[in-house]
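Heads up: the structure comes next, in structure tokens.
The values are calculated or read from the model by the stated rules, or taken from the named source; none is laboratory data. Owing to the predicted nature of the structure, the values given are computational and were not obtained by experimental measurement. Note: ideal-geometry Cβ built from the backbone for every residue, glycine included; neighbour counts use all protein chains shown.
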Amino acid sequence: MTGAASARHLPPLARFPEEWEAALAELGEPRYRGKQLFRWIHRRGVFDPQAMSDLPEALRGKLGDLGIAAPVEVLSVHRSSDGTRKLVLGLAGGARVECVLIPMTRLEDADAAAVVDDEDEAATELADAPARRVTLCISTQYGCAMGCRFCASGRAGLRRGLEAHEIVAQVLVARAHLEPGEELKNLVFMGMGEPLHHYDRTARALRLLLHPDGQNMSPRRITVSTVGLVPGIQKLGQDFQGKVGLAISLHAPNDAIRSRLLPMNDRYPIAALMKALREYPLPRRRRITIEYTLIAGVNDGPEHARELARLLSRLPVKINLIPMNRVHGTDFEAPPSAAVARFQDTLAGLGFSCFVRTRRGDEVDAACGQLAMAHDLVKLGTPRPE
């Protein structure tokens, strides 16, 4: 299949400049128009061909027949008193996903975003920043197949994976919802779905976001979170040379607890996951982020903290502790603040950089999938977790 033929099968937002060049060449246009068009869409977020002022009028008319349009519709915006904004988006086929804008107002917000590796650098950025820094959390699936016991998206199951253009569109839409003085600084693939489950779509979205003629995001400002799909971790490291940040939803120090919370652990147990993390090609001074949701009476004891420290002792990591957000239909609860502090102090005393992720957006149900999947969860009833 030629470049032009293959490009015709791609949604406009999923095309790279060279794919636009090939397609436009068939229309008799010079190849450099492909880069111009890519910039209009990806750098400026413009989908109306008539607004693309440096393109010839005749070409703008042709582009109107190619279906260039934003692939998502903002269905609702939910704002919390802490400045968090959750956008519920409608996609093709009735899919509903969400992305969340999170202001970075404190050092712990910056580090919990899993994208700043040096605490001094993070503090300097927040002190010197002329704009208010914002982290965007985006989704990669409508629902999720991983079945994590404490996640609303997982309880509803996987409806479909998002295509690359639907992932990228969340960034463009979110930029339009920034407030005066705000800057979209960091991007985390931590919303609905497992980013490495449909790896090729996630990888294409990453390349589009990193493209110098488009968003031109820095790979060190992007973090991909996974429950531990070992083949995907290996591909991500190979394809992006470890420059894209990696976060692991670990949530347990041993296989017995982890398999109870994350069924995928039966397929990729902790030993296989740790091997993949040791082999991940981290650049100098970079660290892997370990996400650890604290659940009262399940994984929050000092003995669990010590076991976690032994497990991670050979890895360059920082640990984000996440007191559980309440998910309707489960009996899991967040530990009391004293237990969270004890867990953090135990890890810090053993030499780990350990942060408690501040709960953000509780008023708008900011836990993964709670808004977008609400209508699906009603159909499930409220079974007790295993």
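Among the residues of region 192-215, what is the count of those that are aliphatic (A, V, I, L, M) and free of Cβ contacts under 8 Å to residues at least 40 places away in the same chain?
3
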Region 177-274: strands (runs of 3 or more DSSP E) wholly inside it with 1 or more residues that are more than 17 Å from the chain's Cα centre (by Cα) and surrounded by fewer than 16 Cβ atoms within 10 Å (Cβ to Cβ) are 182-189
Of those in region 309-323 that are in contact with a strand residue (DSSP E or B) (Cβ under 7 Å, 6 or more places away or on another chain) and among the hydrophobic types (A, V, I, L, M, F, W, C), the residue modelled with the lowest pLDDT is 322
Pairs, first within 28 Å of residue 226 (Cβ to Cβ) and free of Cβ contacts under 8 Å to residues at least 60 places away in the same chain in region 175-191, second small (Gly, Ala, Ser) and assigned to a strand (DSSP E or B), C-beta under 7 Å, six or more apart: 189/225
Name the single residue that is nearest to residue 70 (Cα to Cα) among those in region 135-172 being touching a Cys at 6+ places or on another chain (Cβ under 9 Å) and modelled with pLDDT of 95 or more. 170
Would you call residue 314 within 25 Å of the chain's Cα centre (by Cα) and either loosely packed, with under 14 Cβ neighbours inside 10 Å or free of Cβ contacts under 8 Å to residues at least 24 places away in the same chain (or both)? no
So, in region 35-58, how many residues would count as being more than 19 Å from residue 207 (Cβ to Cβ) and β-branched (Val, Ile, Thr)? 1
Tally, over region 278-307, of residues that are in contact with a Ser or Thr (Cβ under 7 Å, 6 or more places away or on another chain) and surrounded by fewer than 20 Cβ atoms within 10 Å (Cβ to Cβ): 2
Within the set of pairs 6+ apart or on separate chains, which have a first residue in region 64-77 that is in contact (Cβ under 8 Å) with a residue 40 or more places away in the chain, a second that is in a strand (DSSP E or B) and surrounded by fewer than 17 Cβ atoms within 10 Å (Cβ to Cβ), and C-beta atoms under 7 Å apart? 72/90
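Do we have residue 284 as free of Cβ contacts under 8 Å to residues at least 40 places away in the same chain and among the basic types (Lys, Arg) here?
yes
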If we scan region 140-147, do we find a residue that is surrounded by fewer than 24 Cβ atoms within 10 Å (Cβ to Cβ), in contact (Cβ under 8 Å) with a residue 40 or more places away in the chain and farther than 30 Å from residue 9 by Cα? yes
Just a yes or no: is a residue in region 317-329 more than 24 Å from the chain's Cα centre (by Cα), touching a residue at least 60 places away in the same chain (Cβ under 8 Å) and in a loop (DSSP other than H, G, I, E, B)? yes
